[in-house]
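Chemist: There's a structure below that I have some questions on.
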Amino acid sequence: MVRLTIDNHEIEVAPGATLLDAAEQLGIDIPTLCYLKGYKPSTSCLVCMVKDCQTGRLVPACATPAVDGMTIESESEELALVRRTALELLLSDHAGDCLAPCYFACPAHMDIPRMLHQIGEQSIRDAIATIKKDIALPAVLGRICSKPCEKGCRRGAADGPAAICELKRFVADADLASADPYAPDCQPPTGKRVAIIGAGPTGLAAAYELAQAGHACMLFDDQPKPGGRLRTEFHGQDLPEDVLDAEIHQILRLGIDLRSNCQIGAITLDSSLSALMPLDDMHPKFRLHAKHGSTCNDLSGAFDAVLVAWGATDPKQVERRGFQATQRGLAIDQNTYVTNRPGIFAAGNAVRGSGLVVRSVADGKEAAQSMIDYLAGRPIRNHGRIFSSRMGRLSPEEMADVLSRASSAARSEPDCGAAFQLDAATEQANRCLSCGCIAHNHCKLERYARIYGADPRRFGVQRPAHRVIGRGGSVLFEPGKCIKCELCVQIAEQAGEPLGLTFVGRGFDVRLQVPFDGSLDDALTQVAAACIAACPTAALTFAHQHRNPELVTLKTE
Amino acid sequence: MPMPDLDLSFVDQTVADIGRGPETVIPILQAIQDHYRYLPREALERICELTEITPASITGVSTFFTHFRHEPVGQHIIHVCNGTACHVKGAERILDALAHHLRLGPGEDTSADGQFTVQEVACVGCCTLAPLFQIENATFGRLTPQTVPAALDAFRHQQDSSQKRPSRAVITPNGATGEIRVGLGSCCMAQGSGQVHDAIERVLSKSGAPAVVKQVGCVGMCHQTPLVELIQSDGQSSLYCHVKPDDAEGIVLAHFRPRNLARRARYAVSRLLDRLHSNEWNGASIAAASTVHESPICAFLGPQKRLATEYCGQIDPLDLDEYLRHDGFVALKQCLSDSSPEKIVDAIRQSGLRGRGGAGFPTHIKWETVRNARQPTKYLICNGDEGDPGAFMDRMILESYPYRVIEGMAIAALAVGASEGIFYIRAEYPLAVQRIREAIRRCDQRKILENGTSGRDFRFHLSVQEGAGAFICGEETALMHSIEGRRGTARLRPPYPAECGLWQRPTLINNVETFALVPWILRHGADQFAALGTDRSKGTKVFALAGKIARGGLIEVPMGVTLREIVEQIGGGIAGGRRFKAVQVGGPSGGCVPAELADTPIDYEALSQVGAIMGSGGLVVLDDSDCMVDIARYFLRFTQNQSCGKCTFCRIGTKRMLEIMDRICTGRGHQDDIQKLEQLAHQVSAGSLCGLGKTAPNPVLSTIRYFRDEYEEHLNGRCPAGKCKDLIAYRVNTRCIGCTLCSQHCPADAIPMTPYRRHVIDLEKCTRCDTCRQICPMDAIQIGPIG
């Protein structure tokens, strides 16, 4: 047996075992892209680098045999930097969008391609679930939104963007009109209580998110009816009151305790309550001093967290209430929505002063996600920022290629005030170019880029061309997504594929190819599925997976 | 375009000759390309039908190596050398001139008449002739953009007359009293020593002068070629430099006077003396005749010590008897008769010999490991894939001392217990390949590598494998992949080849020079070898000295000699009176040692301390007209181009580094680019799998270390050395007399003709080809910053 130490843990492994095997036995997760059990390590990606402390050298864990007496380090700043650089180098030579441009254009980061695909499949129930995952007020926004998503739509550069906003409204209206409108599943009650001050778009969106997480929400508003600026800034024909009422009702029915006509006087830390709480509960407890109608009452309930969503407020008044202010409103940490008072969060126009309604809805959701982290005792993550490789503008050839796989219908919208019919909606939804990557959330490159905080634009160079090889066949290859891991080459070779795959050229220009100009279907007669499952990115895919993103199989680990 | 009626019978014949195993792919492809001049698709498919070679393998391998061409080419390929020496001496301008002369459009490489295809090659190892190109077997050196058309004409002329040329007569004169040695290394041949040799033979046969003409290997003094040495019967020796065929008669008759031709001789001698008195030094006539004890030849030879290159310029490379007379195979015989393998390895250990291929790994450890390996089959490989631009030591040793390398290998084989040896020689060295093949044949014929003389059972089989144009194959794991018929990608070590190498067997891989030193060590004793050199670097090292030096050539010096001694004493200092700026040591894996540190000794550790490496032994001397940023970019471009493409850091990292270097050299650099470059360089070095990637950043890091100010100047839009085309402008100063020469020669029509008036260069049209500056008789063209 071979004895070695990894991250100060001793381990014994069989002779011939690699450092990766040894780490696995210890439960230490070392990132790998090009490695697959059962195949010869190709040591090409080099994100599995670990440090041999005796020689001071970095070695690939996947292929380095464990040697008696070795001392290995698997996590350090130095290793993180090298791994991040390896990932950034791979991303600098990558042509693909993990997430579609519309994802980033929409402040709420709604999964628009998925929604459009579901509409295209006429699965309205699935579509509303996709929408409501990120947008609490789709019927409202479907009417009043200034549609940043459509400005970001890639098809806008060709023959007009997909009619995203109208289609969202179509789904939301159909849902509200149905006998059993969609309601998300809520987690069992956590016992935690949250106060949300302001029932405008921010507060409503936050309440919707927090309720789903099982937190008890009390929503305070100084007006008789919830909706905040939605009731003052928009008028009847743009936003009929019954639509607003119906959509708010869908939120409140998740069990949200609405306190209308309430003026919040002060939020104080309740030390007496804190003292009574169990020791393991680290959160401060808040008491709200609210004036209800003409009477002033000290709200007896104690809260574990508070969200300030009271809309645009004079900074002086903000300071008077005990918060740090900016010129526009409350000062918060941009990443976490935390104010200068721990446990109190702020979002929407209370912070921004003014902004799009969809921005407020997005803020409410993200602030709520931060609060969920906070209430769970986790470090608060930045929920607004998500890693993605991005292709940016397409060349005319690239555009022609992506247009060829979507409906060629022209953009059309229903006449003023009217709504889509199902057939028209389906046709318009099928205009979506399905820009995001079908391996999103299944791609190893994306996963580790996210973990190591890789910046795809570190080198600021021109990305490779986006091309798809094999159109018309069952297997597709996107050279721009290939990281030259060699797995498919090895799998085909081991299986004795008559044609198989090979690398051609060398150095930076090395690329995967089918010998003698064969097609991918000729190359992979037996092992296409294995190659596609092994592909660490989505360089190799089945054509049918693109027609149904749900079909993306899990990658082999 | 596929040819419908391509005759594939040659493919069938080749497969029948070479074999059907997957490992035969490279030799088969080489044969196919030799025959069809490229690799026709039908031929490749036919190979797959006939052999075990798969379509994936043949496609992968044939596109990996740059020698293989998948498209038909022009009738003659012009290989333009882009080695370091050629680069600093203006290879780019030669390329421009060729493109201009052959009227090649952008992206085109073949002339419209299908006569010539222009191809850049990494380095042909004739650095003292830089800049140069090769067409077929002819080398045209010391070119300028103006001489390019003449070189092509000369080649065409040579083609026309080649049929008429008489075959070389073998002369065995009676009662010869002297010997005339003509160096016939690649460099010498390129300078016309073949013709000189023929001319001397003609003179001898016509005059009956009492001497024999003899071809010897590289003389080392490449700056003086063609070089003829005459040894008279009393042992006195005279050396003639820059000899032309027309000079042959005079030289021969001056020393070997045929009795019956006295009058003619007297005449000839007086003619020769006249010429000597006129003291022309331009190669148009005999430059100098001097004894070897006179300077500057004396100085050139002075601090040198010849072990690997013993009997330099004295013995006929292929004359086995002569090698035997010069103690050849004595060491092998000793080893066979009274030395155990342990004792041989021990001698190597005591000698302190370290690998001469670059990294300086102790040779005896490799030998010991292979010797101790239990597998019955072991291999021996001589790594002659000398790919560093600016290095030609291995070529010269292989060409000039084939038997010495063979003997070293045979001793190693005996020591480690191997019976199969392979020479891996890069295909850019056809003469080396040819001589090694012939030397092996002669050894086999005489059963030198079999145990005939003593009681030990020893039989050593040698073969030659030619490289196919991939620098990475100098890396031992890539080299073995290529012998096995695979793409020449490097792999992780361990396992080291000594444990698990070629065909998974223990394999001893040493460099050419390492093997060449072995016979000397065993003949003279390890102590004598260890007495030379420094504490940790023993013996001698062969260097290819080139660049901006007065006397370039192939030198062998004891370790410990300083760079300054090499540059100043042996090399005679900087040519053309310019200022010594730096020495590039170790090629693309090495670094630039600035003139201030020229007292650094030749020593593995000392060189690595100053950011260079011993490398395989290229020394390119740079003067103040060389831009260090440009030099760094040159090397980085080389390694980036030669990366096998396997691992991320090397494949993409070197590319990203090069993009930053390109930005800097073209005045588009960002203020933080130096820092970015340094960061990325360190990560590429730490993260790469093999030596190529690990050392690729060295030229960049060492130039940033010593010449950071030059990088900063570039960021501010200036190239202080006036080298980077995008940062300089050519202007005409007041010395111009309006002679119109520049205007007549400008290939870009950038200088309007204004007779008797000062000319003006149109900077928009100017391609910075330097033609005007070189042609101007008044030194009126000057290079300055843009704007």
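What follows is calculated from the coordinates using simple rules that are stated; it is not laboratory data. Please read these numbers as outputs of a predicted model, since none were measured by experiment. When we count neighbours, we look across all protein chains shown, and the Cβ atoms used for this are built from the backbone with ideal geometry, even at glycine.
Chemist: Give the calculated FRET efficiency between residue B:9 and residue B:484 to the nearest 0.05, with a Förster radius of 25 Å applied to their Cβ-Cβ distance. Kindly include the intermediate steps, with their values, before the conclusion.
Modeler: Values: r = 28 Å, r/R0 = 1.13.
The calculated FRET efficiency here is 0.35.
Chemist: How big is the Rg/Rh ratio for segment A:193-375, C-alpha atoms only, Rh by Kirkwood, two decimals?
Modeler: Values: Rg = 15.5 Å, Rh = 16.3 Å.
With Rh from the inverse mean 1/r over Cα pairs, Rg/Rh is 0.95.
Chemist: Grab the beta carbon distance between residue A:317 and residue B:375, set R0 = 56 Å, and tell me the FRET efficiency rounded to 0.05. Mind showing how you got there, number by number?
Modeler: Details: r = 86 Å, r/R0 = 1.53.
E between residue A:317 and residue B:375, to the nearest 0.05, is 0.05.
Chemist: Still on this structure, please answer the following. Hey, what did chain A get for relative contact order, percent, Cα under 8 Å, at least 6 apart?
Modeler: Worked out over chain A, it gives 16 percent.
Chemist: What percent do you get for the relative contact order of segment A:2-75 when only Cα pairs under 8 Å and 6+ apart count?
Modeler: Values: 137 pairs, mean separation 30.8, N = 74.
Normalised by residue count, the contact order of segment A:2-75 is 42 percent.
Chemist: Stretch residue B:41-residue B:16 to full length: gain in nm at 0.36 nm per residue minus the Cα-Cα span?
Modeler: Numbers: separation 25, 0.36 × 25 = 9.00 nm, distance 1.94 nm.
Answer, rounded to one decimal: 7.1 nm.
Chemist: Can you give me the Cα centroid spacing of segment B:78-124 and segment A:15-91 in angstrom?
Modeler: For segment B:78-124 versus segment A:15-91, the Cα centre distance is 44 Å.
Chemist: Still on this structure: Which aspartates and glutamates have a Cα less than 12 Å from the Cα of residue B:378, not counting those fewer than 8 places away in the same chain?
Modeler: B:420, B:499
Chemist: What do you get for the angle between helix A:77-92 and the principal long axis of chain A? Use alpha-carbon atoms, 0 to 90 degrees, nearest ten.
Modeler: 80
Chemist: In square nanometres, what is one fourth of the surface area of the convex hull spanned by the alpha carbons of the protein assembly as shown?
Modeler: Numbers: hull surface 251.0 nm².
Averaged projected hull area, Cα only: 62.7 nm².
Chemist: On a 0 to 90° scale, report how tilted helix A:241-252 is relative to the longest principal axis of chain A, with both axes built from alpha carbons and the result rounded to the nearest 10.
Modeler: 70
Chemist: With the crude spin-label approximation of a point 7 Å out along Cα→Cβ, what separation in nm comes out for residue A:526 versus residue B:744?
Modeler: For the pair residue A:526/residue B:744, the computed spacing is 7.4 nm.
Chemist: Another question, then. Based on DSSP, what percent of beta bridges with both residues in chain B are antiparallel, to the nearest 5?
Modeler: 55
Chemist: Ok, one more. What full-extension length gain, to one decimal in nm, is calculated for residue A:151 and residue A:177 as 0.36 nm per residue of separation minus the Cα-Cα distance?
Modeler: Values: separation 26, 0.36 × 26 = 9.36 nm, distance 2.91 nm.
Full extension from residue A:151 to residue A:177 adds 6.4 nm.
Chemist: Also: For the cross-link pairs B:725/B:765; B:214/B:244; B:89/B:725; A:133/A:168, which exceed 21 Å when the distance is taken from alpha carbon to alpha carbon?
Modeler: Numbers: B:725/B:765 13 Å; B:214/B:244 17 Å; B:89/B:725 15 Å; A:133/A:168 13 Å.
In this structure, not one pair exceeds 21 Å between Cα atoms.
Chemist: Now for a different question. Which value, in nm² and rounded to one decimal, describes the direction-averaged projected area of the C-alpha convex hull of chain B?
Modeler: On the way: hull surface 140.4 nm².
Mean orientational projected area (chain B, Cα hull): 35.1 nm².
Chemist: Please list, by residue number, everything in segment B:532-548 whose backbone N is under 14 Å from a paramagnetic label point 7 Å out along Cα→Cβ of residue B:605.
Modeler: B:534-538
Chemist: Related question: Between residue B:246 and residue A:268, what is the label-to-label distance in nm when each label sits 7 Å out along the Cα-to-Cβ direction?
Modeler: About 11.4 nm separates the two model spin labels.
Chemist: Going by Cα centres, segment B:537-616 and segment A:523-547 are how many Å apart?
Modeler: After rounding, the separation between the Cα centres reads 54 Å.
Chemist: Continuing with this model, one more query. Please enumerate, by chain and number, the lysines with C-alpha under 27 Å from the C-alpha of residue B:538, excluding those fewer than 8 residues away in the same chain.
Modeler: The qualifying lysines are B:305, B:333, B:343, B:366, B:694.
Chemist: Given labels modelled 7 Å from the Cα in the Cβ direction, how far is it in nm from residue B:783 to residue B:670?
Modeler: 2.9
Chemist: Using Cα-Cα distances under 8 Å and only pairs 6 or more residues apart, what relative contact order does chain B have, in percent?
Modeler: Values: 1650 pairs, mean separation 82.5, N = 787.
It comes to 10 percent, rounded to a whole number.
Chemist: Note the angle between two axes, namely the Cα long axis of helix A:357-375 and the longest principal axis of the Cα atoms of chain A, as a number of degrees from 0 to 90, rounded to the nearest 10.
Modeler: The angle comes out at about 80 degrees.
Chemist: Next up: Gain in length, residue A:447 to residue A:292, computed as 0.36 nm per residue apart minus the alpha-carbon separation, to one decimal in nm?
Modeler: Numbers: separation 155, 0.36 × 155 = 55.80 nm, distance 4.97 nm.
Working it through step by step, the gained length comes to 50.8 nm.
Chemist: What is the set of long-range amide H partners of residue B:465 at a cut-off below 5 Å, with H atoms built 1.01 Å from backbone N?
Modeler: Under 5 Å from the amide H of residue B:465 lie the amide H atoms of B:423, B:424, B:425, each far enough along the sequence or on another chain.
Chemist: Determine the shielding of peptide A:83-93 by partner chains: average, over its residues, the number of Cβ atoms on other chains within 10 angstrom of each Cβ. If you can, show how the numbers build up before the last one.
Modeler: Numbers: counts 1, 1, 12, 7, 1, 6, 13, 3, 1, 5, 5.
For this peptide, the per-residue mean of nearby foreign Cβ atoms is 5.
Chemist: For a paramagnetic label modelled at 7 Å from the Cα of residue B:206 toward its Cβ, which residues of segment B:228-254 fall within the zone defined by backbone nitrogen distances under 17 Å?
Modeler: Answer for this model: B:244-254.
Chemist: Further, regarding this structure: Restricting attention to the alpha-carbon atoms of segment B:707-757, what are Rg (one decimal) and Dmax (integer), both in Å?
Modeler: 15.3, 44
Chemist: Put +1 on the Cβ of each Lys and Arg and -1 on the Cβ of each Asp and Glu in chain A; which of A:227, A:26, A:448 then has its Cα farthest toward the positive end of the dipole?
Modeler: A:227
Chemist: Work out the FRET efficiency for residue A:410 and residue A:237 from their Cβ-Cβ distance, taking R0 = 35 Å, and round it to the nearest 0.05.
Modeler: Working: r = 27 Å, r/R0 = 0.78.
For residue A:410 and residue A:237, the calculated efficiency is 0.80.
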